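The values are calculated or read from the model by the stated rules, or taken from the named source; none is laboratory data. For clarity, every value in this text was computed on a predicted model and none was experimentally measured. No Cβ is skipped: glycine too gets one built from the backbone with ideal geometry, and neighbour counts run over all protein chains shown.
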Amino acid sequence: MGNINHLLGCEKGRSVQLNLRRMSPPAQPVARAAGFTLIELIVSISVVAILMGLGIPSFMQSLRNAEIRNAADAIANGMHRARAEAVSRNANVYFQLGTSTAWTVDYVTKPVSTDPAIDARLSTEGSSNVTITALASDLATAATTATFNNLGQVVVNADGTSTLNRVNLSSTGGNQSLRVTLGAGGNAKVCDPSLVVNSSPRAC
């Protein structure tokens with residue numbers, strides 16, 4: 001605009017000079033670039049690494065406990081299947097543990113020798129890290145087979161081996177142990193040996 005002279009009170013011969021200077025617009029703030037700085041990125045990675053270090057052991061422990069539960073339920077279900085098949089087929093049917101948590105359900109005497117087993121389960125089906133100890137009723141003799149008659153009762157094995165009575169299950173990395181018990185009446189039950197007897201329906 002330059003300088004502009006305004007005469008005020010000219011009748012008295014006085015002049016007042018008013019200077020109007022071009023006014024600059026206010027400075028605009030500098031926009032910050034989007035993203036992370038190197039320090040922020042390093043701190044974030046460090047925090048994530050710490051959280052993962054704390055959480056992974058608990059996660060793995062939960063996985064192992066889930067495998068134990070899966071294996072125990074599968075074994076109990078196999079026993080129930082063998083019992084039900086013995087009643088429905090009016091024949092002796094056995095339940096037999098194989099490698100690790102694998103099992104087979106089949107006739108003691110097959111009507112057709114070339115027929116496949118009635119049912120079977122592989123140890124790789126969700127419980128490959130589980131370790132079992134299978135025992136007879138004396139809790140000292142190893143046993144793998146239980147035979148059911150047409151009334152659903154447990155009877156002597158045809159091959160004379162000790163009758164399976166108890167299966168203990170555990171896993172390295174897990175903090176839980178479970179047990180499958182088989183009563184003389186043929187009922188299979190999954191229970192927790194760490195609980196005090198009669199303190200819970202889940203106690204052994």
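So the values come out like this:
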quantity	calculated
Residue in segment 47-56 that is among the hydrophobic types (A, V, I, L, M, F, W, C) and closer than 30 Å to Q153 by Cα present	no
Total residues in segment 86-116, condition within 19 Å of N150 (Cβ to Cβ) and either under 34 Å from the mean Cα position of the chain (by Cα) or small (G, A, S) (or both)	9
Of all residues making up segment 44-76, the number that are free of Cβ contacts under 8 Å to residues at least 12 places away in the same chain and either assigned to a loop (DSSP other than H, G, I, E, B) or within 30 Å of K110 (Cβ to Cβ) (or both)	0
Identity of the residue in segment 92-106, touching a strand residue (DSSP E or B) at 6+ places or on another chain (Cβ under 6 Å) and among the hydroxyl-bearing types (S, T, Y), that ends up nearest to L169 (Cα to Cα)	T101
Condition met for R89 (crowded, with 17+ Cβ neighbours inside 10 Å, more than 23 Å from S170 (Cβ to Cβ) and either modelled with pLDDT under 95 or among the basic types (K, R) (or both))	no
Sole exception among (1) within 28 Å of M60 (Cβ to Cβ); (2) of a type in the set (S, T, N, Q); (3) at pLDDT 95 or above for N165, by number	(1)
Any hit, segment 37-58, residues being on the phi > 0 side of the Ramachandran plot and at pLDDT below 65	no
